[in-house]
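Here the structure comes first, spelled out in structure tokens, and everything after it is commentary.
Bear in mind that the values in this text are calculations on the coordinates, not laboratory data. None of these values were measured; they are calculated from a predicted model. Quick reminder, even Gly has a Cβ in these numbers, built from the backbone with ideal geometry, and neighbours come from all protein chains shown.
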Amino acid sequence: MKAIIPAAGLGTRFLPVTKEQPKEMLPVVGKPVIQYVVEEAVAAGVDDILMITGRGKRAIEDHFDRSVELEDLLERSGATDKLRQVRNIPDLANVFYVRQGRPRGLGHAVLCGAPHTLDEPFFVLLGDVIVPGNHCLPRLQEIHKKYGSSVIAVEPVEQQYVSRYGVIAGHEVEPGVWKVTDLVEKPPANEAPSNLAIFGRYLLTPRVMEILPHIEAGRGNEIQLTDALRELILREDLYAVTLDCKGYDTGNILSWLETNVALALETEEFGDQLRESLERLLG
Ligand code: UTP
């Protein structure tokens, strides 16, 4: 299966860091965010990835390319572990690139992939969201096979925070699986139809690519994927699934910090030391 990874956004919530460098290349425990995203796709059997990039995003292409001088140096100095790490990156998958001339929103970014995905269903993985555990995409695939429809991953969030997310309305058809009846982008907490938030993993049918060209700019003057999905449910079923895993949004400073801490705490290398540091800092 193919995957589209939109990574062309301007990252304005992360300025000035993102003035000249992609937020998708920010480090999370020693690895750029986008590498986690590609590894997640590969772990789910994706071997063909279309990255949506744009101006100022060259570092992403360079990261997934060979680094001949660096490899030579590591080889000469006998740093075999590091050499293996560096060589593995371009071998992960076939990564293709298309540039979104102007970042006109997530829906527009996905539409840039239409000539690549053609008439096949495809995954969309937001380039600034990390989903550890490798359970998410296989689950989307399972539900897609069962119902033959598009499927989106959602996670329950505290009611007070729903206004930060796209939220679904729907009814549960089996444990953890909802048939979606509506999608609302960033609703006020007291008007939200549920607390099930869309967090950046989708398996979409080609019908979405037929709808996207007709979607007008919505919130933030951007072409929203959520608006296309609202249109989709008038023509096809759409399912949402909750998972055991959590999506870490790295697109703003606080959540990027939280992601680093959460993932570092789980590592053997840093976990114990970081826990001690945090206890010391918190007094
Ligand atoms: P975001 O909305 O988080 O990215 O999109 P943004 O627009 O860069 O964020 P801010 O609000 O300015 O800080 C989620 C993912 O979709 C990509 C982004 O690069 C990010 O990985 N995206 C977004 C595109 O590829 N194109 C767009 O036009 C918008």
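A simple spin-label model places the labels of ARG102 and ARG76 4.8 nm from each other, with each point 7 Å out along Cα-to-Cβ.
Please give the charge dipole size of segment 1-78, origin at the Cα centre, charges +1 on K and R Cβ atoms and -1 on D and E Cβ atoms. Round to the nearest 20 debye. Mind showing how you got there, number by number?
On the way: 10 positive and 13 negative charges, 108 e Å.
For this selection, approximately 520 debye.
For the chain, DSSP calls about 60 percent of its internal beta bridges antiparallel.
Restricting attention to the chain, the count of lysine pairs at 8 or more positions apart or across chains with alpha carbons under 26 Å apart stands at 24.
Taking 0.36 nm per residue of separation and subtracting the Cα-Cα distance, full extension of the segment from SER163 to ALA59 would add 34.2 nm.
Shape call for segment 221-271 from the C-alpha gyration tensor, a ≥ b ≥ c root eigenvalues: rounded (a/c under 1.5), prolate (a/b greater than b/c) or oblate? Oblate, since a/c reaches 1.5 and b/c is not below a/b.
Here r is the Cβ-Cβ distance between ASN94 and LEU278 and R0 is 41 Å; the resulting FRET efficiency, rounded to 0.05, is 0.50.
Mind giving me the FRET efficiency for LYS31 and HIS116? R0 is 25 Å, r the Cβ-Cβ distance, nearest 0.05 is fine. Show your work: numbers first, answer last.
Numbers: r = 26 Å, r/R0 = 1.03.
For LYS31 and HIS116, the calculated efficiency is 0.45.
In this rough spin-label picture, where each label sits 7 Å from Cα along the Cβ direction, the LYS146-ASP47 distance is 2.8 nm.
Once you wrap a convex hull around the alpha carbon atoms of the chain, what is its projected area averaged over all directions, in nm²?
Numbers: hull surface 66.3 nm².
Mean projected area for the chain: 16.6 nm², to one decimal.
For GLN85 and ILE253, the FRET efficiency from 1/(1 + (r/R0)^6), where r spans their Cβ atoms and R0 equals 22 Å, is about 0.20.
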